[in-house]
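The values are calculated or read from the model by the stated rules, or taken from the named source; none is laboratory data. Note that the structure is predicted; figures quoted are calculated from it, not measured. Quick reminder, even Gly has a Cβ in these numbers, built from the backbone with ideal geometry, and neighbours come from all protein chains shown. Note: areas computed on protein heavy atoms with side chains; ligands, DNA, RNA excluded. Shrake-Rupley method; radii C 1.70, N 1.55, O 1.52, S 1.80 Å.
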Amino acid sequence: MKQSAKLVKTFGASTVAVAGTVVAAFAGITAAVKSFAAVGDAIDKISARTQVAAQDVQSLTFAFEQNGGSASDLETSIRSLNRNVLDLERGSATAVDNFRDLGLSFEDLAGLGQADRFRVAAKALASIEDESLRAGVALKVFGRSGSQILPLIENMEQLEQQYKNLGISLTDEQIKLAAELTDQWNIMSQSVLKLTAELGELFGPVFKLGIKGFALLARAAAKLVDFAAKLLEPFNKLIEFGDFVFDKVFGAGGGGSA
């Protein structure tokens, strides 16, 4: 019986350990999937907002990040560039002057995709020798992220090629899956929220009654304790008087040791 009990105890401990490992592994996988979904979905959303191919978003983001920028800086720069190109097409004198400083005209950019248009404009910016003029044109053409463009223009092409050579970009299929996972995750979260609301509505009155009852009981207990304390006040005073008489008769601290 002792051996059987020991065996059962060992088996139970092993089962708990295995279960803990499985739970930890599942949590790790879940975290990894959520991370993948978040990254892929972000790429998909930037691609949709800027109309830049997902592969270009990844390589350009890598180039920005290697120079202290971010995907947000990339998006801001492309949006500002597109807005200025539109003004250039409409013949805006300010836009014409800004792109003239870059050595570009609308015809140089008109037939290009969004990513290539950005690359051409960034390369043209690098050709401006006057640093003050270069910084000013960067802000005018690329918006508030223009300052992040300046360190990028020196090595953007090399960094994009490095990223492609590393082979770490997500495929279009993976990005699509990540976006779908994010959508389903949001649906699940909203569904859980709805379920929680339904459960709250179902059991809420019971909990409300229980909370009220507990609060009433707590107040009653507090009053009972207060009443008991008042009842004990004469006894406390009697004890204090006894201590006083004892000290007077036998001496404070002296009689006890005798």
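At-a-glance table
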quantity: In segment 163-179, residue farthest from LYS34 (Cα to Cα) [restricted to those that are modelled with pLDDT of 90 or more, part of a helix (DSSP H, G or I) and of a type in the set (A, V, I, L, M, F, W, C)]; calculated: LEU166
quantity: From the options VAL33, VAL23, residue that is open to solvent by 70 Å² or more (accessible area, probe 1.4 Å) and either at pLDDT below 95 or among the basic types (Lys, Arg) (or both); calculated: VAL23
quantity: Residue check for PHE62: within 23 Å of GLN158 (Cα to Cα), open to solvent by 20 Å² or more (accessible area, probe 1.4 Å) and not acidic (Asp, Glu); calculated: yes
quantity: Residue that is surrounded by the fewest Cβ atoms within 10 Å (Cβ to Cβ), among those in segment 163-178 that are touching a residue at least 60 places away in the same chain (Cβ under 8 Å) and of a type in the set (S, T, N, Q); calculated: GLN174
quantity: Any helices (runs of 4 or more DSSP H) falling wholly within segment 65-155 and containing at least 1 residues that are within 21 Å of GLN51 (Cα to Cα) and either open to solvent by less than 30 Å² (accessible area, probe 1.4 Å) or modelled with pLDDT under 90 (or both); calculated: 71-89, 106-110, 114-126, 131-142, 146-152
quantity: Yes/no for LEU209 being open to solvent by 100 Å² or more (accessible area, probe 1.4 Å) and either touching a Lys or Arg at 6+ places or on another chain (Cβ under 7 Å) or in a helix (DSSP H, G or I) (or both); calculated: yes
